Amino acid sequence: MASVALPALSCRSSGEPVKELRVCTNRTCRKQGSFQILETFTALAPPQLRVNPCACLGRCGSGPNLVALPQGLLLRHCATPSRAAEILFSLCRDGRAASSSSAVTDALAALALTNNALSQIEAGKFPEAEALLTQALDLKPYGGLHKIFTHRAVAKLGMLDYSCALEDISQALALAPNYSEPYICQGDVYVAKGQYDLAENSYLKCLEIDPSLRRSKSFKARITNLQKKVGEVDVT
């Protein structure tokens, strides 16, 4: 397995796209902050790139370490979110003309806005979250757009703006057709609108994409709520 320092421009020069990044979360890399790096990669990655944790990659002490697949290229010293963003830009920029520094700055700024927005959503401050996510989208980060659109759809659902929520869901699915989260939000919107057949279709699509959702308490609660709503309609 080859090992290089950052940024890993050689991955792009190989002509073969990187399909997966695995981040070591074993003891030494974990102490060096690999979970934060994993979160950064997960948030910023474009939909075609999978990001997963993994066991020890060797070279302990020079981490956090990660490997780009299928090239098998080991990347070392990825200790900060800015380094993670640099790697992603190098691997996934797809001809973008912007400089690495400006692209990384915009991506990290969008990530900060998104994280702030998620806190606002948890607090029930949906208009504030919507404004922050709109700012994030205006930065046009090179990755994670499908997630930002999905989060903004959740905020718009909280504002009872169903039509705009569905528009954002459509944007997210256009970017990432196999991303389950937009379908969950889509189902929630249809439940709120009383369109229970459409909600069921959306939730079933989620399960088709990610069968593990069957074990999710929140997803089970959605199905139970949908069944209750349908039962109420049948009674009346």
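Since every read-out is calculated from the coordinates, none of them should be taken as a lab result. This one's a predicted model, so the numbers in the text were calculated from it and none came from an experiment. All Cβ positions, even for glycine, are placed from backbone atoms using ideal geometry, and neighbour counts span all protein chains on display.
General observations
- Segment 186-236, subset among the charged types (D, E, K, R), closer than 22 Å to PHE149 by Cα and surrounded by fewer than 17 Cβ atoms within 10 Å (Cβ to Cβ), residue nearest to the chain's Cα centre (by Cα): GLU208
- Against the conditions (1) farther than 19 Å from GLY124 by Cα; (2) surrounded by 24 or more Cβ atoms within 10 Å (Cβ to Cβ); (3) not hydrophobic (A, V, I, L, M, F, W, C), HIS146 satisfies every one except (2).
- Members of segment 13-43 that are outside any strand (DSSP E or B) and hydrophobic (A, V, I, L, M, F, W, C): VAL18, CYS29, PHE35, ILE37, LEU38, PHE41, ALA43
- The residues of segment 15-34 include none that are surrounded by fewer than 18 Cβ atoms within 10 Å (Cβ to Cβ), within 17 Å of ARG76 (Cβ to Cβ) and under 15 Å from the mean Cα position of the chain (by Cα).
- Wholly within segment 143-236, helices (runs of 4 or more DSSP H) carrying at least 1 residues that are in contact (Cβ under 8 Å) with a residue 60 or more places away in the chain: 145-158, 162-175
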